[in-house]
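Here is the structure we will look at.
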Amino acid sequence: MTIRLRTHHLLCMLTYVGKGYTPAFTANYDVIAGRLSRGEDILIVEGPDDVCAPLLSEPEAHCFNAGVLERDAQAARDVGDLLGRRIGDGERISPDTILLEKLRSGFAAGLTRTACAGCEWAELCTDIVGDAYAGVKVGGPPC
């Protein structure tokens, strides 16, 4: 199987520790984190993805907001620059240890955090980076 992720969720997965918008969101993300940790492939999609699924029935689901779409575009640019390849709709990525370490290193160095501006989770993510990614659910801390 393949996990469908929007581009800014490539950043969110790096610091996911089991906290989220709702219990349903967190339960869903826990399942996705396990799948990512087992190396299941990622398909980059535009707009709402598998992580967003529990929120889409809300009347004001933020997953469709212009600000979130811009966050995706910025994440695609930053992650693409870091990896030296195009990151966008239809691209496939394998979340192996090498990729996760490179993404975490770039995230910690601030190379891919432009997309995080204004995100309500940014402070939590900064704390997780400062704690060497302790407790993350996707792939574990870097070696």
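The values are calculated or read from the model by the stated rules, or taken from the named source; none is laboratory data. Remember, predicted model here, so these are calculated numbers, not experimental data. Glycine also receives a Cβ, built like all others from the backbone with ideal geometry; neighbour counts cover every protein chain displayed. Heads up: the accessible areas ignore ligands, DNA and RNA and are worked out on the full protein's heavy atoms, side chains in. Shrake-Rupley method; radii C 1.70, N 1.55, O 1.52, S 1.80 Å.
How about region 105-134: which of its residues are closer than 20 Å to Leu69 by Cα, of a type in the set (Gly, Ala, Ser) and open to solvent by less than 60 Å² (accessible area, probe 1.4 Å)?
If the condition is that a residue be closer than 20 Å to Leu69 by Cα, of a type in the set (Gly, Ala, Ser) and open to solvent by less than 60 Å² (accessible area, probe 1.4 Å), then Ala115, Ala122 are the ones that fit.
Select, from Lys137, Lys102, the only residue that is out of contact with any strand residue (DSSP E or B) (no Cβ under 7 Å at 6 or more places or on another chain), over 15 Å from Arg6 (Cα atoms), free of Cβ contacts under 8 Å to residues at least 40 places away in the same chain and open to solvent by 20 Å² or more (accessible area, probe 1.4 Å).
The unique qualifying residue is Lys102.
Select, from Arg71, Arg85, Arg4, Arg77, the only residue that is more than 26 Å from Gly110 (Cβ to Cβ) and of a type in the set (D, E, K, R).
Values: Arg71 fails: more than 26 Å from Gly110 (Cβ to Cβ); Arg85 fails: more than 26 Å from Gly110 (Cβ to Cβ); Arg77 fails: more than 26 Å from Gly110 (Cβ to Cβ).
The match here is Arg4.
Quick one: count up the residues across region 87-121 that are in contact with a helix residue (DSSP H, G or I) (Cβ under 6 Å, 6 or more places away or on another chain) and either closer than 22 Å to Tyr21 by Cβ or in a loop (DSSP other than H, G, I, E, B) (or both).
Residues meeting the conditions: 8.
So, in region 35-46, exactly how many residues are open to solvent by 10 Å² or more (accessible area, probe 1.4 Å) and either among the hydrophobic types (A, V, I, L, M, F, W, C) or over 20 Å from Val129 (Cα atoms) (or both)?
Residues that pass the stated criteria total 8.
Give me the pairs: first residue in region 3-29 and in contact (Cβ under 8 Å) with a residue 24 or more places away in the chain and open to solvent by 30 Å² or more (accessible area, probe 1.4 Å), second residue part of a loop (DSSP other than H, G, I, E, B) and among the small types (Gly, Ala, Ser), beta-carbon distance under 7 Å, and six or more apart or on different chains, which are they?
Cβ pairs passing all conditions: Val17/Gly135.
Please determine, by comparing only the residues of region 55-86 that are in a loop (DSSP other than H, G, I, E, B) and basic (Lys, Arg), which one is most open to solvent (accessible area, probe 1.4 Å). Write out each step before concluding.
Pass one, region 55-86, residues in a loop (DSSP other than H, G, I, E, B): 56-61, 65, 84-86.
Those left that are additionally basic (Lys, Arg): 85-86.
Details: Arg85: 99, Arg86: 138 Å².
Only one residue fits best here, namely Arg86.
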